[in-house]
Amino acid sequence: MLAFIVLLPWLAVPAFVLSARGPRSLAPWLAACADALALGVLLALAPRVFDGEVLSWSMPWVPQIGLAFSLRLDGLSFLFTLLILAIGMLVILYARYYLSNEARLDRFFALLMLFTGAMLGIVLSENLLLLFVFWELTGLSSFLLIGYWSNKAGARDGARIALAVTGSGGLALLAGVLLLGHVAGSFELSRVLAAGAQVQASPYYSVILVLILLGAFTKSAQVPFHFWLPGAMAAPTPVSAYLHSATMVKAGIFLLARLYPVLAGSDIWFYALTVVGLVTLVFAAYQAMFRHDLKGLLAYSTVSHLGLITLLLGIGTPLSAVAALFHVINHATFKASLFMAAGIIDHECGTRDMRRINGLWRYMPYTGLLAMVAAAAMAGVPLVNGFLSKEMFFGEALALERGGGLQWILPLAAVMGGVFSVAYSLRFIHDVFFLARPLHTPRIPHEPPRWLRIPVEILVAVCLLVGLFPGAIVQSLLTVSAQALLGTAPPGFSLALWHGVNEPLVMSMIALSGGVLLYFLVQYGLDLHSHVQSRNLAKRIFDRAVLALAGLADAGARNAYRGGMTTGVSLTILTALFVGLFPFFTSTAGPGTAHTHPSDAMALAAFALMCAASIGTMFAHRRRVEAIVLLSVVGLGVTLCFVHFSAPDLALTQLAVETVSILLLLLALNHLPQEAPPEAAVDHTVRHFLLAGVVGAGVGWLTWAMLTRPLESISGYFLRNSVPQGGGTNVVNVILVDFRAFDTYGEITVIAIAALGVASMLAALELPRRETDARGRAWSRETRFLPLDLLVRLLLPLALLVSLHLFVRGHNQPGGGFVAGLVAAVALVLLYVGRGTAWSSARIGRDFAATAMAGLLVALGTGAAAMLLGAPFLTSSHGHVQLPLVGTVPLASAMLFDLGVFLTVLGSTLLILTRLGLRGAGALAKQP
Amino acid sequence: MSMELLTAVGVGVLAMAGVYLLLRARMFSVLLGLTLLSYAINVFVFASGRLRVGMPPIVGSHGDYADPLAQALVLTAIVIGFAMTAFVVVLAIAAHVRLGHDRVEPDAEEMDR
C-alpha cells in the first residue's frame, strides 16, 4: 500500500507520453487521477497512523551497502504527504487553467508528477540512502520545472543556480548520511532514530551535523544559500506555488524534523539552527519589503518563513517543535494561495511589477479579497492561521532558557521580523489593489475564469477555518506528527484563538502596528517605487565563482585543444602508448611459455587477406569508394578468422554487420565528397606513420605476450551450466540471453538509442541536394535496378526464412536474435536497394523506431515477468512443450528475451539505413 | 610461424592502419580508421579466449570447447560497433553540411573565431 503512494505519480509518467497524442485535457486528468488515488490510499491508512502505528514496507535493493527500498509512514510523514498530495491536487487544477495556452501540457504534467513522486519518496523513506536518492531526484526534476520555459535566459539561469546550490548541498548530505549510517550501524531510520545517544557521543557527531545541515540549509534556502530561491521565480507560477510552499523548500525542514531525535539537543544544533534561522528570518523579511516583483516579494517571504521554522526547530523544546510543524502547515496553505493569486494578477495584467500594477480593487475585488485573507495569514493577523503559529513562536522566543545573550536578542528580533513581515504583506495588498490607478499594464485586468480561482478559494478557506477553529481541525494531526518528530508524546498544548492578554499577544500587536507604520513610512516617506533594488551579494559571489571556474576550464581547454582533432587524437594515443609502455620497464613483459600451435593454410589465408586489405585501405583512403571495398575485404578476413577459430556465431554476425556497414558507408558517401585531395599545408604523414607503426607493434606484442601465456578463464562455469540452467546448447547464445541477459539488455538499449540519435539528427539536418558527382556526371534518377530487383524478389522470402531459422535454433545452434535480426535487416535493405526507397517504404512501413521500441519492451517485459513470479529480474526458466504433430519442442523463456533482441536489432538497423537512404532519396526526388 | 604469432601480427597491422587513418585530416578517413581499430580490438578480445580450431562452443558436439565468454563479449561489441559507426557517420555528415568541408582541422579563419 505504502509503495503505491510513492509510485502512483511515477506510474502516470509513461502515460503522458501516450497522452501527447490525445486531447489536451487528458494530461491534467491523468495527473489528477494519480494524485487522487495516492491521496485516497493515504487517507485509508490515516486511522492506523492516528492510532500511533508506524506503517512500514520494505524491499531489498542493494543489501551489500545497506540500501533498501523501504518506506515508513508515521505521523510526521503523514503530515508532509498530506500537504504534498493535497496542495499538489490544487496546483494541478490551477495549472490546467493557468497554462491553457501552453503547447505541451503533457510535458509539464509529466515533470510535475516526476517531482511529486520524488518528493513523496523523501518524506516516506525509511532508508536514509533511499531518502538521498529521492532528494537528488527532487533536485533534478525541480531543475527541469524551474527551467520549463527553456527559451528564456532567466529560466535557464534560475534552474542552473538552483541545481548547483541544492546539488552541492546534496553532496554534503550524502557524506553526512553515510557517516551517520556508519555511526548508527544502519541506514534504516527505525534504528538510526533509536541511536541518538550513540550518535551524539560519537566523535563524528559535529561533522555529521554540519554536513547534514548543509544539505538541509541549501534545500530550504537559508542564508547564505537563499539566493537560488528568488532566481527560481522564473518558473511558471504553478511550479512556484508548489515548490516554494509545500514541497521542495520544505524538504530541508522535513530532514531536520526527521532526524530531530538523533541530532537535536546539542549546543551545535541549538546555535547553528537558531542563529541561521534568525538571520534568515529577519534579513529575508527586510529584503521582501523592497522587491518590486510580486513573486520576488513572495520568494523572500518564503525564505523568511523557512528561517522561522528552522529557528523553531533549533530552540529545541517540545513545544517549539509543535509550533514548527504548525507553521509548516500554515505557511504551505497561505503561501500556495498567495503564489496562485500572484499568478492570476500576472495573468490578468501581463506584468508582475508592483510599480505598474496598482488599484486593481476596482477591477478584481473578489481576487483582492482572497489575497487579503491569505496576506493576513502571512502577516500573522488574528482570525487567520498564520496568527496562531506566530503567537506560539513569540511565546517560545520569550520562554527561551539557554543561549545567554540570545535570550534577549531572540524576542527582539522576533518582533522585528514580525514588523517586516506585516509591512511586506501590507505592501502586497495595498500596492497592488489600492494606491492608484493601474499604470501601463499591458492588458486591462478583469476577474479570472472561475476554475482558476477555485484552488485559491479552497486554500483561503483552510486558512480561515484553521485560524478560527484550530483545536478542532489540526490538533490531532499536530499531536500525532509531533509525536513522530520528537520520538515521545508531546506535552499537552491547546490551540485556541484567545488565550487572554499575555506577552505574545502584546508582541503581535506591536508587530502589527509597527508593520503598518513602517510600510506607510517607506511607501510615502521614502518613495518606495523609486527604490533601486540592490543586487544580491550572495548571488554576486556565486556568479563570480562560476565565471572564474569557467574561465579556468576555458584556459585549460584552450591550451590542450586548439580546435583541431588530429592533435587531440595524437595526444591521446601518445598518452596511451606511454602508459602501455610503462610495464615493459618495470616487470617482465616478454612472451610466456605456453604451447603454441602451428598455423595452417586457412589461418594464413585469413590473416594475409586481413593485413593486405588493411594496408590497402591505409593507402587508398583518398579514393573513397575503393577504400570502402578494401575495408569490406578486411571484414571478410576477420569473418574467416572467426570461422576458422571456432566462433560460428561471431562469423555470422560479422558477415551481416559487414554488409550493413558497407551500405552505411556508401550512403554516407552520398553526402560527403567522394574523393579527397591531399592536404597541401599540414599533413604530417611521416610522423603519423611512425606513431601508427609504434602503436601497431605495441598492440601486436601485447597480443603475442597474451597468447603465449596460460589461460585462466571462468568459462568453465558457463559450459557446465549452459544446458542444466539455461536449457540451450549454444553457450554463446545462452550467455547473451540468460547468464548475462542484463548486460545484453543494456547493450540493445544502447543500440536503440544510437539509432534514435541517428534518426533525430538526420531529421534536424538540411541536406543539400546533389546534382552531379565529383566529376560532373549527372546522378541517375533511376530508383529501380532490375537485375537486383528480380534477384531480391526471389531471395527475400528465402532470406527471411533463413533469419527465422537462425532465430529459432539460436539457443542450441549458431544463430540467435542478434544474427537473425541482422540477416532480416540485410534482406529488407536489399529490397530498398533494388526497388528504391519510396516503393519499399510504402510496402514495409516506415516506423522502425516503433519496432526497436517494441523489442526493448519485449525484453523488459520478459525480465519483469520473472519478477512477478518472485524471481530476480530476467531470471529465465525453460522446459519442453508437447505440440501435436510436431512433437517435443524445447522452450526457454530466454527465447522471448531473444525475440526482444531480434526486434531491437532489426528495427534499429533498418531505422539507421532507411533514414539515411531516405534523406538522400528525398534530396534527389526534389528534382523537378 | 605459429597461429599465435600470426594473430599477433594481424592485430598489430589492423591497429597500425587504424591509428594512421584516425590521424588523417578528413572525417571519412577517420571513420575508416575507427572501423579498422574496432576490428583490431574485437579480434584481440576474441583471441584472449585463445585460438581453437574446430571446437565451437556448442555443448554436446565434442569434448573440448573454445571460450564462449570472449565470443559473447565480441558478438555484442560487433553490433554496438555498427550502431556507433552509424552515429559518427551522421555526425560527420552534419559537420560537412554545417562547415562545407569535411576536414577535422579548422581553417585559419575558423581558428580566429
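The values are calculated or read from the model by the stated rules, or taken from the named source; none is laboratory data. This is a predicted model, so every value here is computed, not measured. Reconstructed Cβ throughout: ideal geometry from the backbone, glycine too, with neighbour counts over all protein chains shown.
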*asked:* What's the number of the only condition in (1) farther than 19 Å from A:Phe434 by Cβ; (2) within 45 Å of the chain's Cα centre (by Cα) that A:Met509 fails to meet?
replied: (2)
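Checking the conditions here, which among A:Phe394, A:Phe339, A:Phe387 is in a helix (DSSP H, G or I), within 33 Å of the chain's Cα centre (by Cα) and at negative phi?
Working: A:Phe394 fails: within 33 Å of the chain's Cα centre (by Cα); A:Phe387 fails: within 33 Å of the chain's Cα centre (by Cα).
It is A:Phe339.
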*Check off (1) farther than 15 Å from A:Leu918 by Cα; (2) assigned to a loop (DSSP other than H, G, I, E, B); (3) modelled with pLDDT of 75 or more for A:Asp738 and give me the number that stays unchecked.*
(2)
*asked:* Filter region A:121-173 down to the residues that are among the basic types (Lys, Arg) and either modelled with pLDDT under 90 or in contact with a helix residue (DSSP H, G or I) (Cβ under 7 Å, 6 or more places away or on another chain) (or both) and list them by number.
replied: A:Lys152
*Can you tell me which residues in region A:607-636 are at the interface with chain B (Cβ under 8 Å from one of its Cβ atoms) and among the small types (Gly, Ala, Ser)?*
A:Ser614, A:Ala627, A:Gly635
*If you go through region A:800-816 one residue at a time, do you hit one that is within 11 Å of another protein chain (Cβ to nearest Cβ) and in contact with a Ser or Thr (Cβ under 7 Å, 6 or more places away or on another chain)?*
yes
*Across region A:297-320, which residue is modelled with the lowest pLDDT among those that are surrounded by fewer than 24 Cβ atoms within 10 Å (Cβ to Cβ) and of a type in the set (Gly, Ala, Ser)?*
A:Gly316
*Can you tell me how many residues in region A:508-536 are within 30 Å of A:Phe394 (Cβ to Cβ), aliphatic (A, V, I, L, M) and at pLDDT below 85?*
2
*Tally the residues that are under 30 Å from the mean Cα position of the chain (by Cα) and over 19 Å from A:Ser908 (Cα atoms), restricting the search to region A:743-769.*
1
*Output the number of residues of region B:60-71 satisfying the condition of being more than 7 Å from chain A (Cβ to nearest Cβ) and of a type outside the set (Ser, Thr, Tyr).*
4
*Just wondering, is there one or more residues in region A:61-73 that are under 23 Å from the mean Cα position of the chain (by Cα), within 16 Å of A:Val123 (Cα to Cα) and of a type outside the set (Gly, Ala, Ser)?*
yes
*The lone exception for A:Leu711 - which of (1) under 28 Å from A:Thr593 (Cβ atoms); (2) in a helix (DSSP H, G or I); (3) of a type in the set (A, V, I, L, M) it fails*: (2)
*Mind counting the residues in region B:14-32 that are surrounded by fewer than 24 Cβ atoms within 10 Å (Cβ to Cβ), out of contact with any His (no Cβ under 6 Å at 6 or more places or on another chain) and assigned to a helix (DSSP H, G or I)?*
1
*Flag if A:Leu319 is without any contact (Cβ under 8 Å) to a residue 60 or more places away in the chain, in a helix (DSSP H, G or I) and more than 34 Å from the chain's Cα centre (by Cα)*: no
*asked:* Between A:Phe434, A:Phe469, A:Phe393, which is assigned by TED's automatic domain parsing to the domain that holds A:Ala332 and surrounded by 15 or more Cβ atoms within 10 Å (Cβ to Cβ)?
replied: A:Phe393
_Residue under evaluation A:Thr708, criteria (1) hydroxyl-bearing (Ser, Thr, Tyr); (2) within 18 Å of A:His811 (Cα to Cα); (3) within 8 Å of another protein chain (Cβ to nearest Cβ), criterion not met_ = (2)
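Looking only at region A:94-107, filter to residues that are over 20 Å from A:Leu39 (Cβ atoms) and touching a helix residue (DSSP H, G or I) at 6+ places or on another chain (Cβ under 7 Å); which one of those is modelled with the lowest pLDDT? Before the answer, list the steps.
Applying the first criterion (over 20 Å from A:Leu39 (Cβ atoms)) to region A:94-107 yields A:97-107.
Still in the list and also touching a helix residue (DSSP H, G or I) at 6+ places or on another chain (Cβ under 7 Å): A:97-99, A:102, A:105-106.
Details: A:Tyr97: 88, A:Tyr98: 88, A:Leu99: 86, A:Glu102: 71, A:Leu105: 82, A:Asp106: 84.
The extreme case among them is A:Glu102.
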*Any idea which residue in region A:577-595 is farthest from the chain's Cα centre (by Cα), counting only those that are facing chain B (nearest Cβ under 10 Å) and farther than 14 Å from A:Trp701 by Cα?*
A:His595
*Looking at region B:72-104, which of the residues that are more than 7 Å from chain A (Cβ to nearest Cβ) and in a helix (DSSP H, G or I) is surrounded by the fewest Cβ atoms within 10 Å (Cβ to Cβ)?*
B:Arg98
_Given the criterion of a type in the set (A, V, I, L, M) and surrounded by fewer than 19 Cβ atoms within 10 Å (Cβ to Cβ), identify the matching residue among A:Leu171, A:Leu128._
A:Leu171
*Could you tell me which residue of region A:16-74 is modelled with the lowest pLDDT, considering only residues that are charged (D, E, K, R) and not in a helix (DSSP H, G or I)?*
A:Arg21
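Going through A:Val223, A:Val177 one at a time, which residue ends up being out of contact with any strand residue (DSSP E or B) (no Cβ under 7 Å at 6 or more places or on another chain) and modelled with pLDDT under 90?
It is A:Val223.
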*Every residue from region B:1-37 that is modelled with pLDDT of 95 or more and polar (S, T, N, Q)*: none
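Only one residue in A:Thr708, A:Thr685 is surrounded by fewer than 15 Cβ atoms within 10 Å (Cβ to Cβ) and of a type in the set (S, T, N, Q), so which one is that? Let's see the steps before the verdict.
Numbers: A:Thr708 fails: surrounded by fewer than 15 Cβ atoms within 10 Å (Cβ to Cβ).
Being surrounded by fewer than 15 Cβ atoms within 10 Å (Cβ to Cβ) and of a type in the set (S, T, N, Q) holds for just one of A:Thr708, A:Thr685, which is A:Thr685.
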*asked:* Take the residues in region B:39-71 that are at pLDDT 90 or above and of a type in the set (A, V, I, L, M); name whichever of them is surrounded by the most Cβ atoms within 10 Å (Cβ to Cβ).
replied: B:Ala40
